[in-house]
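A quick write-up on the structure given underneath.
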Amino acid sequence: MKIIIIAMVAIFVAIILSRIEHKTNKIHIRFFMGLSKVFILVFSGMLILGNLFHVEATGKTLLQSSSIIVAIITYVAQKALGNIVGGLSISIAKPFQIGDKVKIVNGSSVISEGIVTDISLRHTVVTTYDKRAEIIPNSVIDESVVINTNYISEVGKFFEVQVGYQSDIEKAIEILKKICEREEHVIRVTEPLLSAYNDSGVTIKATVFTKSVDDNFIACSNIRKKLLVAYRKNGITIPYNTITIERAEDGC
């Protein structure tokens, strides 16, 4: 009867912890809920085994050989323990939360890029933009550079447009600034400046700030559409490269 009660309590607590784990987007809570479940199951298993086997000699033998058992388990489970320690480090530092857009870089290689969807004792799940789930060991993430675009309140991206040398440059700058300021997704925009001379014209550059990467893509797309219309109305040209092909005369 005692064994049944222990098992039922352990299962009930594990279910409660699982529900808490899946309802939160905080990685440290998810990780510690998973860790707590493991401890509860291991502790319950030890209690059950202790009630099944009441042999003192066996208990003494296990205690005497505990150091050897711990050494063997540590050697065999080095990678697993490394992932748990890595997960603990991530959950304390909190470089990202569930739902954040991240890029994980190790050396010169991009390991993964997408949205964080889950974290466990062993690994973190990143869902890529083409809907693939990439399962990355926590120890690898702990040793990598994590670029989190949700970590700051604003996301800035350079916006560039090239206009012809014969165009009214001041007018082109003024139009670009007004369109950027009126775009609903834009939080703020820097003063547009000339950044380069090119073969066919000059480049005007500004930094567009939005709340997220997705908003930035949408904002820049809307600005480009409106800019084309406004530049045409005001006689401002956006130059493009042309190729002239000459046909050789027969007999040459």
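The values are calculated or read from the model by the stated rules, or taken from the named source; none is laboratory data. Since we're looking at a predicted model, the values are computed, not measured. Here the Cβ is made from the backbone with ideal geometry for all residues, glycine too, and neighbour counts use every protein chain on show. The protein model used for the area step is the full one, side chains on, heavy atoms only, and it has no ligands, DNA or RNA in it. Shrake-Rupley method; radii C 1.70, N 1.55, O 1.52, S 1.80 Å.
Might you check whether a residue that is within 30 Å of K103 (Cα to Cα) and assigned to a loop (DSSP other than H, G, I, E, B) occurs anywhere in segment 220-239? Can you show your working first?
Step one: filter segment 220-239 for residues within 30 Å of K103 (Cα to Cα), giving 220-225.
From what's left, assigned to a loop (DSSP other than H, G, I, E, B): none.
No, segment 220-239 contains no residue that is within 30 Å of K103 (Cα to Cα) and assigned to a loop (DSSP other than H, G, I, E, B).
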> Can you name the condition, by its number, that S109 falls short on among (1) of a type in the set (S, T, N, Q); (2) within 29 Å of L35 (Cβ to Cβ); (3) open to solvent by 20 Å² or more (accessible area, probe 1.4 Å)?
Replying inline: (2)
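Just a yes or no: is a residue in segment 79-99 open to solvent by 60 Å² or more (accessible area, probe 1.4 Å) and at pLDDT below 70?
Of the residues in segment 79-99, the ones open to solvent by 60 Å² or more (accessible area, probe 1.4 Å) are 79, 81, 85, 88, 92-94.
With at pLDDT below 70 added as a condition, the list becomes none.
Checked against the condition, which is being open to solvent by 60 Å² or more (accessible area, probe 1.4 Å) and at pLDDT below 70, segment 79-99 yields no hits at all.
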>> I need the full set of residues from segment 112-134 which are touching a helix residue (DSSP H, G or I) at 6+ places or on another chain (Cβ under 9 Å) and open to solvent by 30 Å² or more (accessible area, probe 1.4 Å), in order please.
In response: D118, S120, L121, R122, H123
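Could you list, in sequence order, the residues of segment 191-203 that are open to solvent by 70 Å² or more (accessible area, probe 1.4 Å) and either under 31 Å from the mean Cα position of the chain (by Cα) or within 15 Å of D215 (Cβ to Cβ) (or both)? Even if it seems obvious, please write down each step before you answer.
As a first pass, look at segment 191-203 and keep what is open to solvent by 70 Å² or more (accessible area, probe 1.4 Å): 191, 193-194, 197, 199.
Of everything in segment 191-203, just one residue is open to solvent by 70 Å² or more (accessible area, probe 1.4 Å) and either under 31 Å from the mean Cα position of the chain (by Cα) or within 15 Å of D215 (Cβ to Cβ) (or both), namely E191.
For A206, state whether it is within 36 Å of the chain's Cα centre (by Cα) and outside any helix (DSSP H, G or I).
On the way: within 36 Å of the chain's Cα centre (by Cα): yes; outside any helix (DSSP H, G or I): yes.
The answer is yes for A206.
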>> Considering only segment 131-144, I want to know if a residue exists there that is within 22 Å of S221 (Cα to Cα) and within 15 Å of the chain's Cα centre (by Cα).
In response: no
>> Suppose the filter is modelled with pLDDT of 90 or more and farther than 25 Å from R19 by Cα; does V76 pass it?
In response: no
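Return yes or no: is V161 within 19 Å of F217 (Cα to Cα) and outside any helix (DSSP H, G or I)?
So V161 passes the test.
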> Restricting the first residue to segment 115-129 and requiring it to be outside any strand (DSSP E or B), which pairs with a second residue that is open to solvent by 50 Å² or more (accessible area, probe 1.4 Å) meet a Cβ separation below 6 Å and a spacing of at least six or different chains?
Replying inline: L121/I84
> Quick one: is R247 among the basic types (K, R) and in a loop (DSSP other than H, G, I, E, B)?
Replying inline: yes
> Only one of these conditions is not met by S212: (1) open to solvent by 40 Å² or more (accessible area, probe 1.4 Å); (2) modelled with pLDDT under 95. Which number is it?
Replying inline: (1)
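Which one is nearest to I98 (Cα to Cα) among residues in segment 135-145 that are part of a strand (DSSP E or B) and either open to solvent by 40 Å² or more (accessible area, probe 1.4 Å) or aromatic (F, W, Y) (or both)? Write out each step before concluding.
The initial filter retains those residues of segment 135-145 that are part of a strand (DSSP E or B), namely 135-137, 145.
Checking the rest, the ones that are also either open to solvent by 40 Å² or more (accessible area, probe 1.4 Å) or aromatic (F, W, Y) (or both) come to 135, 145.
Numbers: I135: 14, V145: 17 Å.
Of everything passing the filter in segment 135-145, I135 is nearest to I98 (Cα to Cα).
A quick yes/no check of all residues on (1) in contact with a Phe, Trp or Tyr (Cβ under 9 Å, 6 or more places away or on another chain); (2) open to solvent by 60 Å² or more (accessible area, probe 1.4 Å):
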| residue | (1), (2) |
| --- | --- |
| G156 | yes, no |
| D168 | no, yes |
| I175 | yes, no |
| E183 | no, no |
| V189 | yes, no |
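Name the single residue that is nearest to T117 (Cα to Cα) among those in segment 1-42 being among the hydroxyl-bearing types (S, T, Y) and at pLDDT below 75. Break it down stepwise before answering.
Quick first cut of segment 1-42, residues among the hydroxyl-bearing types (S, T, Y) only: 18, 24, 36.
Applying the additional criterion that residues be at pLDDT below 75 yields 18, 24.
On the way: S18: 16, T24: 11 Å.
Ranking the candidates gives T24 first.
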